[in-house]
Amino acid sequence: MQRSAMRELAFKLVYELEVQKEISADQLDIFIENNEITNGNVVEYLKDIKAGIEKNSEEINKLIMSNLKENWSLNRISKINLSLIKLAIYEMVYKKLPYKVAINEVVELAKKYADESAPVFINGILASVVKEKNLNGDVNEA
């Protein structure tokens, strides 16, 4: 399975967890079963994404909030956009994925799953995170 397809599954998992009010311990197993995922690499990737975002959720949320415009809060961001932003931040900051790759991938997912303003919004937030965390290189290319 290509990395882009794995990332799309990860987005769907993060979105599902974002929407759920109560997250059960076996939520990941249910997701894997419902999506008929049998590839061990994909399962490990999804486990890492879920555990990493949960473990670092406080810092990830702070990064998002510190890069929102005035009068914006996490509650104002759609669950789709929030899921994409969290996925990209986790991969850029904690997994050290090159920011250009992470941003491009989630912007493409936003074009597919979110409203038409989402790609620009997500790109803006993530470009600000790149600057704040000093994640190498020229942010203007993001």
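A single entry from L74, L135 fulfils the requirement of being buried (at least 18 other Cβ atoms within 10 Å of the Cβ) and at pLDDT below 95: L135.
For I77, the requirement of being of a type in the set (A, V, I, L, M) and within 24 Å of A118 (Cα to Cα) is met. Residue-level check: of (1) assigned to a helix (DSSP H, G or I); (2) of a type outside the set (S, T, N, Q); (3) in contact (Cβ under 8 Å) with a residue 24 or more places away in the chain, L135 misses just (1).
Among all positions in the range 134-142, there is no residue which is touching a Leu at 6+ places or on another chain (Cβ under 7 Å) and within 17 Å of Y15 (Cβ to Cβ).
Checked against the criterion of being under 18 Å from L135 (Cβ atoms), over 14 Å from the mean Cα position of the chain (by Cα) and at pLDDT 95 or above, the candidates K95, K112, K86, K62 yield just one match: K62.
The values are calculated or read from the model by the stated rules, or taken from the named source; none is laboratory data. These numbers come from a predicted model, not from an experiment. Glycine gets a Cβ as well: all are built from the backbone with ideal geometry, and neighbour counts include every protein chain shown.
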